[in-house]
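Just so it is clear, none of the values below were taken in a lab; they were calculated from the coordinates. Please read these numbers as outputs of a predicted model, since none were measured by experiment. Here the Cβ positions follow ideal geometry from the backbone for every residue, glycine too, while neighbour counts run over all protein chains shown.
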Amino acid sequence: MKPIVYTLGEPAGIGADIIIQLAQTQVLSNLVCLGDIELLKRRAKRLGLSLTILVYPELPSELGEISVLHHPLAEHDFNAQPVPTNAKAVLGMLDTAIDGCMSGEFSAMVTGPLHKGVINDAGIAFSGHTEYLAERTGAELPVMLLASNDMRVALVTTHLPLKDVSAAITNRLVQQVCTIVDRDLKQKYGIEKPTLLVCGLNPHAGEGGHLGMEEIDIIIPALNELRTKGINVIGPLPADTLFTKKYLQDADVAIAMYHDQGLPVLKAQSFGKAANITLGLPIIRTSVDHGTACDLAGSGKADMGSLQTAIRVAREMAILQAGVKTAMHKKGAVD
């Protein structure tokens, strides 16, 4: 399997801390870090941790080693405060990772947290990792999925003001999201027949139209069409009961209509141990489930649990995908 590539994200944040800490506990034998070598050295010194930097394509074979593909920063003395002068370098890491995944040099990418505001302060229009990845890979619709050991939650809409959510939910969008989730659970998770639980938008899933008509006018017709296409969707269900053991124990994913409908449940259960996965892309991308936490940078208090999960999920997906491609190649050769 080709190496997995990890982007450090915001230099003033904990993206460097968590990969240095992780290197102390496991051999990162098939992982390449995209970032500034000087930043990694300085951060390791502040953490009081041993770090041996290998220049990619050399890969680690011992604890405390990290393989690095150097991306120089414009500024190193930022005192834990994000600075716009480093924005181009941050996006450069992303570009290199995306290009490497698209070309097949890397099997998957894992992203550290970045600071959207400081990138915009640099005069670069940037709404987030997900949108940037979709534009750079030509994906029609990226879908945000957060996954822990016990739960997966995908979103129909992501970072929208609550007042705009209802207008954004359309029959087409609901069908698109559910179709992408169904396909990627098959291709990237190896689930033969996924079961999708779909939330309603309104309390009690609209209560027959008494608490809103979106379920009757949009969501129910969309789910009916999906069933005719062989997709196993259940719902719309009230969000306040969908996230209970009764429903989740027999489901593969919950589909929430908006960001704060589904993610608080997952994060209350698994914050710091979950991974953010972008579905709908031609490449594998996972990420940590937390922000830059600049106030923790260099303190040794950053939790590397989510990074562990993101790397594990990326590796599992890459292995499955490599196996599928190998099987297809063998079948093609026979045929």
Rounded to whole Å, give me the distance from the Cα center of segment 151-165 to that of segment 91-124. 23
Selected from LYS273, LYS246, LYS301 as most flexible by GNM, with the chain as the system and alpha-carbon contacts under 10 Å: LYS246
Residue-span extension gain [TYR56 to SER127] - 0.36 nm each, minus C-alpha spacing: 22.5 nm
First measure r as the distance between the Cβ atoms of HIS210 and GLN81, then evaluate 1/(1 + (r/R0)^6) with R0 = 45 Å and state the FRET efficiency to the nearest 0.05. 0.35
Enumerate the amide H contacts of VAL253 below 5 Å, restricted to partners 5 or more residues apart or on another chain; note that Pro and chain-start residues carry no placed amide H. THR195, LEU197
Looking only at segment 143-263, where both bridge partners belong to it, what percent of the DSSP beta bridges are antiparallel (to the nearest 5)? 25
Quick one: what Rg and Dmax do you get for segment 143-263 from the alpha carbons, in Å? 13.2, 40
Check: C-alpha center segment 282-306 vs C-alpha center segment 9-81, spacing in Å is 13
Peptides 208-217, 262-271: what's the order by average Cβ count within 10 Å, highest mean first? 262-271, 208-217
Expected vector for segment 150-167, Karplus 3J(HN,Hα) from phi with 6.51, -1.76, 1.60 and θ = phi - 60°, integer Hz, x for Gly and Pro, equals 10, 7, 10, 10, 10, 10, 6, 10, 10, 9, 10, x, 4, 5, 9, 5, 4, 5
Using 1/(1 + (r/R0)^6) with R0 = 41 angstrom and r between the beta carbons of HIS70 and LYS245, what's the FRET efficiency to the nearest 0.05? 0.30
